[in-house]
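Novice: Quick one: the structure is below, and I'll ask about it shortly.
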Amino acid sequence: MNLKITSLFVLFTFFTAAGQENYQVSGTLIASDTETAISHANAVLLQDGEIVHGSSTEVSGSFLIENITPGTYTLNVSFLGYKTYTKKLDITRDFNLGTIILQKDSESLDDVMITNKKPVLKREIDRLVFNIQGTALTEENTWEVLRRTPGVIVINNTLSIKNNTPTVYINDRKVHLSVSEVYQLLEGTPAETVKSVEVITNPPARYDAQGGTILNIVMEKNLIVGYHGSVYGNFTQGVFPRYNAGINQFYKRGKFNIFGNYNYTHSKINRDNDERINYLDGINTTSVWNSLINRNTWSNQHNFSLNVDYEFDAKNTLSFSGNVLYLPYWKRNTLTNSVVDDQTLANEDFSLQAMNVSNKDKHNLGLNLDYVHKFEREGEKLSANVHYTDYDKADDQLVATDYTVVANPDFSTAFTTHANQRTNILSGQIDYELPINETSSFEAGAKVANIDTKSDLLQFDIENGISVLDIDNSDTFDYDESIYAAYVSYAKSWDDWSLKVGFRGEQTEIRGNSFSTNQVNTQNYFELFPTAYISHKVSENVNIYADFSRRIQRPSFDNLNPFRYNFTDFSFVTGNPRLQPAITNKYKIGAEINDIFFIEAYYTYSKAAIFELTLQDNDSNVLQDVASNIEKSVDYGLDFVTYFPITDTWDVSFVSSAFNMNDTYTLGDNIQTTQSKWSLYTSLDNNLTFLKDKSLSANLSILYISSNIQGLSEISDRNFVNLSLRKALWNKKAIVSLTVNDILNGQEFTKQTQFVNQNNNYFTNYDTQTIRIGFRYNFGNTKLQTNQRNKSSAEQERLKE
């Protein structure tokens, strides 16, 4: 079935490619003052003010623009310091314009005040758009662009929007997997072709219903012919040093666009924890465990990307993209020192030292085949995508514990575990866009996805130096999931009103099989996900709006895995094969004032929300991390967002949110508890430029998060202060940067859980106070634009590290 779908898409791609005749425009560029050829100048064709074709001049001054469909165009040829050459062309044949002489601009560059275009924050009916096209931010990497986007928070290299991790898209396709993979991928991706970042808190029907807020990175279409590349490297000093380096290369010639990327990361990261658990018998404390935990994690990671576009003509494009992440070496040493105060009559105090040595290797291969056909009507488009993922992870660990008992002989325990997970994902998607007229449009699409994952876990207890299989803690789990989805969407504007509505239906079929228990769990359900948006322009300076969306949170594959994975003798993580999906309804009203200030009130209700809870078992004195459905999670609050320039060299982003989180959960003894708290987060981002040529820039970001509820625990307040300096050299061929992160070491926090029979707190200090030095060098035609994009399926997002 899946092979048939793939074959149909490929055949559809090739046989629908139009054979319309195309033409070309060529010429040679000469400078009026030196009478020599001008290389790396831009030659572009425009229709209705939009660039539709382009090229750049070779060393000889010649340029060639190909694959031009018949029509009327405006040719612009430009180079810094010279007047732009403009000519109107009616393309019905090939044009050779011969020699074009660019006239020197009457104003010397030394007399021209260089100004930088500023980013613009703009609201569309279903999203907030942070437009950075043509600004200094395009000289950064893509991760830095996301970090600067108003409302986006970066904590320990993890993206967050009000305590929720957003899903990252590039040109409406999801990027890879886990938070650490997203960071490495985007941190090594140049932002020179990023047009904007879209913050979509209530995603419309065309997006998968899985997840919450979406960050969609919109990349510009590549137009310029030639070769371009960059090499970069970063050295970071935290508790331990770490570094990464990479190379990006792009080539466009004729109908082909090719982008290749490789980056390598070597790291050693420290983490310290201080844990206190009060085990209870009713209201009485039976024992108190105080633990100091230190983790050191080493990793070597390789990431390869390849994107190839083939333009049959101006209306048909076939694209292939692939990304492979290879982790040949990952090691974590966790040392736990615990002192246990027994407060029962037995008074059996003891201490222990546990060492957990974990090793991991994995690969994650993602492949995409895309086809886009543009119809004669402007804006009408058909696109198709086929995606395949091959994911393989092996994890081995050795745990050894030495016990020192006050009133009894000392003793030791040890065990090993061997875990494997293999996942294959195949999906196909088709989307159709139709502008009905100037004020209305229609969209429709469908998607089919299949996920097959196989996991196994073996635990061996070491007794007198001999490994003995622990059958109770060993298992094999097979999981199969199929999702069938379709959607329609309609948008209409009239007078001062705009409306957009959509419906998405998704049928989910799940089968999980645990071989050790001979238990087979199945789930089959259909859910409808409506979306609605309306806005009204009250006056020239005020726009009000409201929207609604219904979303789903499916459990990750690891959360559905019933394995009990022991970290130590007294702590473990386990999944729940009976975990149910959570349904979320979100309502929002807001006002936009003077195109600068955005004020929103929202209310979110999640039924059966999924949380990974840390719960203490008071009978056996163990701590367990378990994925659970809670009864409900309610979140409501008031947001304020603004972005504006204070001077020509200083612009500011300010975001503040006051919100209440309310979570209700029922323990095993049918005891219900509710955790509720009002919280605040505020961020201030300052961007400054210096020097006459604007080659020196600085960014100072300040973030404060008050104590807040996460699941059933309360997280203490935190602050983050980061400072970065950046200097462009050699006519922006090179960039050197210096970044100081978490200057005040304010990321330290305490997680406290205290309700009914739960009483524990957990202090964490991540390795985030760092100094980083970076260098990037651009070579080739630095005016080029790339076709880079990184895509993966919605289903990949639920894979874990």
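Novice: When the C-alpha atoms of the chain are aligned to their principal axes, what extent does each axis show, in angstrom, from largest down?
Specialist: 99, 58, 54
Novice: Continuing with this model, one more query. Restricting to Cα pairs below 8 Å that are 6+ residues apart, what does the relative contact order work out to for region 234-368? Please round to a whole percent.
Specialist: Relative contact order of region 234-368: 21 percent.
Novice: Considering only C-alpha atoms, what is the centroid distance from region 497-569 to region 639-718, in Å?
Specialist: Using only Cα atoms to place each centre, the spacing works out to 25 Å.
Novice: Take each of the peptides 538-545, 294-301, average the number of other beta-carbon atoms within 10 Å over its residues, and list them starting from the highest.
Specialist: 294-301, 538-545
Novice: A further question follows. For region 371-461, what is the convex hull (Cα atoms) projected area averaged across all directions, in square nanometres?
Specialist: 11.4 nm²
Novice: Have a look at the DSSP beta bridges in the chain and tell me what percent are antiparallel, nearest 5.
Specialist: Roughly 95 percent of the DSSP beta bridges within the chain come out antiparallel.
Novice: Which whole-Hz ³J(HN,Hα) couplings does region 60-67 yield from phi under the Karplus relation 6.51 cos²θ - 1.76 cosθ + 1.60, θ = phi - 60°, glycine and proline marked x?
Specialist: Listing the rounded values in order: 6, x, 7, 9, 9, 10, 10, 6 Hz.
Novice: Based on the Cα atoms of region 303-397, what semi-axes does the equivalent ellipsoid have, where each is the square root of 5 times one gyration tensor eigenvalue, given in whole Å with the largest first?
Specialist: So the three semi-axes of region 303-397 are 57, 17, 9 Å.
Novice: Ignoring ligands, DNA and RNA, how do Phe63, Phe240 rank by accessible area with a 1.4 Å probe, largest first?
Specialist: Output order, biggest surface exposure first: Phe240, Phe63.
Novice: While we're here: Please express the shape of region 344-421 as an equivalent ellipsoid: the semi-axes are the square roots of 5 times the eigenvalues of the C-alpha gyration tensor, given largest first in whole angstrom.
Specialist: Its equivalent ellipsoid spans semi-axes of 60, 16, 7 Å.
Novice: Viscosity 0.692 mPa s, temperature 37 °C: Stokes-Einstein D of region 451-534 from its Kirkwood Cα radius, in µm² per second?
Specialist: 191 µm²/s
Novice: Separate question: So how many Å³ per residue does the convex hull of the Cα atoms of region 534-605 work out to?
Specialist: Spread over its residues, the Cα hull of region 534-605 gives 138 Å³ apiece.
Novice: Continuing with this model, one more query. Please work out the Cα center distance from region 295-354 to region 30-61, rounded to the nearest Å.
Specialist: 47 Å
Novice: When averaged across all projection directions, what area in nm² does the alpha-carbon convex hull of region 296-357 cover?
Specialist: 8.5 nm²
Novice: Moving to a separate point now. Pulled fully out, how much extra length does the chain show between Ser493 and Val308, if you take 0.36 nm times their separation in residues and subtract their Cα-Cα distance?
Specialist: Stretched out fully, the Ser493 to Val308 stretch lengthens by 62.9 nm.
Novice: Right, another one. Return the carbon/sulfur percentage of the accessible area of region 242-301, one whole number, probe 1.4 Å, all protein chains in place.
Specialist: Answer for region 242-301 is 54 percent, counting heavy atoms of protein chains only.
Novice: Moving on. Quick check: at a probe of 1.4 Å, how many percent of the accessible area of region 303-406 sits on carbon and sulfur atoms?
Specialist: 55 percent
Novice: Still on this model: Would you mind computing, in nm to one decimal, how far apart the modelled labels at Asn765 and Glu378 are, each placed 7 Å from Cα along Cα→Cβ?
Specialist: Label-label distance for Asn765 and Glu378, simple model: 6.2 nm.
Novice: Follow-up. Can you pick out the pairs among Lys315/Lys454; Lys122/Lys694; Lys252/Lys381 whose Cα atoms lie more than 30 Å from each other?
Specialist: Cα-Cα > 30 Å for Lys315/Lys454; rest within.
Novice: Separation between the Ala591 and Asp472 pseudo-spin-labels, each 7 Å from Cα along Cα→Cβ, expressed in nm?
Specialist: Label at Ala591, label at Asp472, 6.3 nm between them.
Novice: Let me ask something else about it. In square nanometres, what is the average projected area of the Cα convex hull of region 632-687?
Specialist: The orientation-averaged projected area of the Cα hull of region 632-687 comes to 4.7 nm².
Novice: Determine ³J(HN,Hα), in whole Hz, for all residues of region 769-780 in sequence, where each value follows from phi through the Karplus function 6.51 cos²θ - 1.76 cosθ + 1.60 and θ = phi - 60°; x replaces Gly and Pro.
Specialist: Each residue of region 769-780 in turn: 7, 9, 10, 10, 10, x, 9, 9, 10, 9, 10, x Hz.
Novice: Something else about it: Hey, with R₀ at 30 Å, roughly what FRET efficiency would Lys732 and Glu35 work out to, going by the Cβ-Cβ distance, to 0.05?
Specialist: That pair, Lys732 with Glu35, gives E of 0.65.
Novice: Here is a further query. How much length, in nm to one decimal, is gained on full extension between Thr158 and Val538, taken as 0.36 nm per residue of separation minus their Cα-Cα distance?
Specialist: Gain in length upon complete extension: 133.0 nm.
Novice: Still on this structure: Whole Å is fine, so just give me how far the alpha carbon centre of region 596-623 lies from that of region 737-773.
Specialist: Spelled out, the Cα-based centre of one part sits 19 Å from the other.
Novice: If each of Ile283 and Thr439 carries a label point 7 Å out from its Cα toward its Cβ, how far apart are those two points in nm?
Specialist: For the pair Ile283/Thr439, the computed spacing is 6.9 nm.
Novice: If r is the Cβ-Cβ distance from Thr86 to Asp390 and R0 is 45 Å, what FRET efficiency results, to the nearest 0.05?
Specialist: The value I calculate is 0.30.
Novice: Could you give the length gained by full extension between Val59 and Leu725, i.e. 0.36 nm per residue of separation minus their alpha carbon distance, to one decimal place?
Specialist: Result: 236.3 nm gained on full extension.
Novice: Right, another one. Under a 1.4 Å probe, what is the accessible area of the chain per residue, stated in Å²?
Specialist: About 44 Å² of surface per residue is accessible.
Novice: State, as an integer percentage, the relative contact order of the chain based on alpha-carbon contacts under 8 Å between residues 6 or more apart.
Specialist: Across the chain, relative contact order equals 11 percent.
Novice: Let me ask you something else. Work out the FRET efficiency for Ile646 and Asn290 from their Cβ-Cβ distance, taking R0 = 45 Å, and round it to the nearest 0.05.
Specialist: 0.35
Novice: At 4 °C and 1.567 mPa s, grab the translational diffusion coefficient of region 148-303 from Stokes-Einstein with a Kirkwood Rh over Cα pairs, rounded to a whole number in µm² per second.
Specialist: D = 67 µm²/s.
Novice: For region 534-659, what is the relative contact order in percent, using Cα pairs closer than 8 Å and at least 6 residues apart in sequence?
Specialist: Once normalised by length, the contact order is 21 percent.
Novice: Another one. Using each residue's phi in region 38-47, evaluate 6.51 cos²θ - 1.76 cosθ + 1.60 at θ = phi - 60° and report the 3J(HN,Hα) Karplus result to the nearest Hz, with x for Gly and Pro.
Specialist: 3J(HN,Hα) across region 38-47, in whole Hz: 9, 9, 6, 7, 9, 10, 10, 10, 10, 10.
Novice: Something else now. Per DSSP H run of n ≥ 4, the term is -39500 (n - 2.57); total these for the chain, divide by its residue number, and report the mean residue ellipticity at 222 nm rounded to 500 deg cm²/dmol.
Specialist: -1000 deg cm²/dmol
The values are calculated or read from the model by the stated rules, or taken from the named source; none is laboratory data. Nothing here was measured: the structure is a model prediction, and the numbers come from that model. Reconstructed Cβ throughout: ideal geometry from the backbone, glycine too, with neighbour counts over all protein chains shown. Note: areas computed on protein heavy atoms with side chains; ligands, DNA, RNA excluded. Shrake-Rupley method; radii C 1.70, N 1.55, O 1.52, S 1.80 Å.
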